[in-house]
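Notes for the one structure printed next.
The values are calculated or read from the model by the stated rules, or taken from the named source; none is laboratory data. Being a predicted model, the structure only gives us computed values, none of them experimental. Cβ sites come from the backbone with ideal geometry, for glycine too, and all protein chains shown count toward neighbours. For the accessible areas, the whole protein counts, side chains as well, though only heavy atoms, and no ligand, DNA or RNA atoms are used. Shrake-Rupley method; radii C 1.70, N 1.55, O 1.52, S 1.80 Å.
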Amino acid sequence: MKAGSNLEKVLESGKFAVTAEIGPPQSANPEPLEHHAKMMKGFADAFNLTDNQTAVVRLSSIASAVIIMRESVEPVIQMTCRDRNRIALQSDLLGASALGVKNVLCLTGDHQTFGNEKGAKNVFDFDSVVELQVFDALRREGRQVGGEVIKDPPKVYLGCAENPFATPYEFRVSRLAKKVAAGADFCQTQAIFDMNMFEKWMDEVRARGLDKKVHILAGVIPMKSAGAARYMKNKVPGMIVPNEIVDRMKNAKDAKEEGVKLCVEQIEHLKAVKGVHGVHIMAVAWEEIVPKVAELAGLLPRPKSE
Amino acid sequence: MIVAKRKPLNEIADMVAPYKKVAVIGCRSCVAICLAGGEKEVKMTVSALKVKNKKEGRRQEFEALVVERQCEKEFVKEVEDKILSSDLVLSMACSLGAQTIGDMYPDHLCFPGLNTGFFGVPEEQGVWSEKCVGCGNCIIHTTGGICPISRCAKSMLNGPCGGSSNRKCEVNLDIDCAWAAIYDRLKLQNRLDLIESITPAKDWSASHAGGRRVYVREDARLTPHQKKGREAVQ
């Protein structure tokens with residue numbers, strides 16, 4: 001075991017994993033985090049805490065992780081390269097590990113022009129591949145990127161994200177291959193709406209044997225409304241939402257119910273795709289729905305963590 | 001070349017308002033090519049300032065001047081008397097030109113008429129684009145001759161981010177994704193094997209991150225004796 005996290009145990013024992021996402025609040029109030037942790041406890045194996053996603057200032061992911069750990073819920077902290085250089089990234093990794101965080105998702109990060117601090121200076125000292133490579137060397141050998149070898153290295157299970165739906169498509173499997181070579185243990189994908197395209201990507205992933213080297217968790221987003229579907233189709237960079245899905249949401253009598261139904265169908269479909277070792281449920285601003293989705297998709301009960 | 005843009009006229013007018021005699025000095029190098037601070041732009045700016053003053057009943061004296069390369073002292077020297085007889089220099093060169101005048105005549109005011117943007121190239125008539133950030137350690141032989149540090153909004157060194165649609169940059173849909181361009185170029189060159197080799201953490205110490213850079217070529221420097229001789233000639 002690299003970190004001994006619950007997520008690592010589930011994945012390494014060959015079980016189908018479930019992760020979900022908790023968006024930290026735009027405030028200093030820990031209550032929404034406590035609320036979501038209590039509500040979703042036992043419905044997924046670990047919970048991603050986003051790191052100022054879409055470059056909007058929020059309660060920090062590491063602090064959020066500590067808050068949900070107080071509720072005995074396991075975090076996956078997201079760490080982007082947008083706001084921290086190598087000194088801060090390595091320092092925060094040591095700090096997070098010391099606080100008991102065991103899962104880390106390495107991301108390059110959304111550009112600051114999407115957020116609420118458009119005048120910010122970005123960092124991007126690393127990209128996500130370099131971040132993985134540096135964190136991997138740090139956990140395995142205690143070697144910092146600058147060469148110094150430290151005692152008591154962090155014990156972390158490392159993840160990456162990949163988006164099969166962003167251009168240039170020809171690069172997408174190579175990009176995963178690089179992340180695997182750099183040290184990724186698991187990979188959470190962008191939300192999948194175009195199953196054919198995802199399966200084509202997975203064919204290539206399997207052909208390269210990458211599914212044996214990294215645990216792929218297929219991303220899904222339960223949608224509340226037709227507006228959400230349209231928004232993702234038209235406004236979210238690098239996302240593909242087929243027209244059938246937008247229409248299905250538009251024509252539904254009860255959009256919320258349809259959104260859940262659709263998500264459950266997608267999970268059922270993804271469970272059957274060879275090489276997919278879990279799902280990642282991103283119920284953006286709709287965390288309340290995760291227990292229902294998990295239940296209807298037959299993902300319960302989750303394996304007991306010791 | 002260095003690509004710059006003229007500041008908005010109102011900003012310039014406010015900046016120069018307190019000064020009676022203003023020498024507006026352009027440059028015939030990069031900023032002339034990017035139509036920001038060459039002879040024509042200097043003249044147009046002076047005319048616009050005069051018209052504005054006339055409308056607003058303000059009296060100021062402007063002189064339009066242009067030098068070959070404002071970042072080189074010997075060319076600035078050619079207009080020294082004009083600089084010294086003015087109350088203010090409005091430099092219409094890039095910031096390097098403005099700073100050269102400032103360093104040569106430290107007790108004299110020199111304000112910037114341009115906003116200096118980037119190292120770039122003219123793409124077509126009226127279009128200039130950034131292609132280098134001066135990181136001090138060029139890697140474009142590994143990226144198909146395309147610089148991802150300047151041409152990718154996130155300066156990614158290991159491939160495209162997950163935000164690109166239709167091979168465009170998520171930050172500006174009018175701009176090509178640098179990594180889509182790199183992919184295409186490497187494919188054309190039969191060098192696609194390169195995309196899977198990991199570019200490790202970059203050493204940014206050769207860039208501005210390492211502090212202000214001064215490059216010295218000892219073999220090209222003048223000896224104290226040579227310097228004296230040159231000063232005597234001048």
Subset of the range B:24-56, residues open to solvent by less than 90 Å² (accessible area, probe 1.4 Å), under 14 Å from B:ALA93 (Cβ atoms) and not hydrophobic (A, V, I, L, M, F, W, C), comes to B:GLY26, B:SER29, B:GLY37, B:GLY38, B:GLU39, B:GLU41, B:THR45
Exercise for review: Would you be able to say whether some residue in the range B:210-229 is in contact (Cβ under 8 Å) with a residue 24 or more places away in the chain, in a loop (DSSP other than H, G, I, E, B), open to solvent by 70 Å² or more (accessible area, probe 1.4 Å) and among the basic types (Lys, Arg)?
Suggested key: yes
For A:GLU244, the lone unmet condition from (1) surrounded by fewer than 22 Cβ atoms within 10 Å (Cβ to Cβ); (2) under 25 Å from B:CYS161 (Cα atoms) is (2)
With criteria (1) without any contact (Cβ under 8 Å) to a residue 60 or more places away in the chain; (2) at positive phi, A:ALA55 comes up short on (1)
Considering the range A:197-209, residues that are without any contact (Cβ under 8 Å) to a residue 60 or more places away in the chain and part of a helix (DSSP H, G or I), and then whichever is farthest from the chain's Cα centre (by Cα), we arrive at A:ALA207
Scanning the range A:280-306 for residues that are surrounded by 15 or more Cβ atoms within 10 Å (Cβ to Cβ) and in contact with a Phe, Trp or Tyr (Cβ under 8 Å, 6 or more places away or on another chain), the one nearest to A:LEU11 (Cα to Cα) turns out to be A:ARG302
Verdict on B:LYS154 being free of Cβ contacts under 8 Å to residues at least 24 places away in the same chain, within 25 Å of A:THR113 (Cα to Cα) and in a loop (DSSP other than H, G, I, E, B): yes
- Task: For the range A:59-73, state whether one or more residues are within 14 Å of another protein chain (Cβ to nearest Cβ), under 27 Å from B:GLY163 (Cα atoms) and hydrophobic (A, V, I, L, M, F, W, C).
- Result: no
Restricting the range A:247-267 to residues that are free of Cβ contacts under 8 Å to residues at least 40 places away in the same chain and either open to solvent by less than 30 Å² (accessible area, probe 1.4 Å) or assigned to a loop (DSSP other than H, G, I, E, B) (or both), the one farthest from A:ASN163 (Cα to Cα) turns out to be A:LYS253
Exactly one of B:ILE182, B:ILE198 is within 11 Å of chain A (Cβ to nearest Cβ), touching a helix residue (DSSP H, G or I) at 6+ places or on another chain (Cβ under 7 Å) and either open to solvent by 30 Å² or more (accessible area, probe 1.4 Å) or over 21 Å from A:ALA166 (Cα atoms) (or both), and that one is B:ILE198
Here the residues within the range A:127-139 that are small (Gly, Ala, Ser) and at the interface with chain B (Cβ under 7 Å from one of its Cβ atoms) are none
Okay, strands (runs of 3 or more DSSP E) sitting entirely in the range B:12-115 with 2 or more residues that are on the phi < 0 side of the Ramachandran plot and of a type outside the set (A, V, I, L, M), I get B:21-27, B:61-67, B:110-112
Exercise. Can you spot a residue in the range A:143-155 that is out of contact with any Pro (no Cβ under 6 Å at 6 or more places or on another chain), part of a loop (DSSP other than H, G, I, E, B), open to solvent by less than 10 Å² (accessible area, probe 1.4 Å) and more than 26 Å from A:ARG172 (Cβ to Cβ)?
Worked result: yes
The one condition A:LEU89 fails out of (1) within 23 Å of A:PRO153 (Cα to Cα); (2) out of contact with any Lys or Arg (no Cβ under 8 Å at 6 or more places or on another chain); (3) away from chain B (no Cβ under 14 Å) is (3)
Scanning the range B:158-209 for residues that are among the acidic types (Asp, Glu) and in contact (Cβ under 8 Å) with a residue 60 or more places away in the chain gives B:ASP203
Reported set for the range A:105-126 where residues are more than 10 Å from chain B (Cβ to nearest Cβ) and either open to solvent by 50 Å² or more (accessible area, probe 1.4 Å) or within 14 Å of A:SER60 (Cβ to Cβ) (or both) is A:ASN116, A:GLU117, A:LYS118, A:GLY119, A:LYS121
task = Please indicate, with yes or no, whether at least one residue in the range A:271-292 is of a type outside the set (Gly, Ala, Ser) and free of Cβ contacts under 8 Å to residues at least 12 places away in the same chain.
result = no
Residue check for B:CYS135: in contact (Cβ under 8 Å) with a residue 40 or more places away in the chain, assigned to a loop (DSSP other than H, G, I, E, B) and within 13 Å of chain A (Cβ to nearest Cβ) | yes
Filtering the range A:157-193 down to residues that are in contact with a Lys or Arg (Cβ under 6 Å, 6 or more places away or on another chain), more than 9 Å from chain B (Cβ to nearest Cβ) and surrounded by fewer than 24 Cβ atoms within 10 Å (Cβ to Cβ) yields A:VAL180
B:ASP174 meets each of (1) surrounded by fewer than 10 Cβ atoms within 10 Å (Cβ to Cβ); (2) assigned to a helix (DSSP H, G or I) with one exception, condition (2)
Of the residues in the range B:157-170 that are open to solvent by 50 Å² or more (accessible area, probe 1.4 Å) and part of a loop (DSSP other than H, G, I, E, B), the one that is nearest to the other protein chains (Cβ to nearest Cβ) is B:ARG167
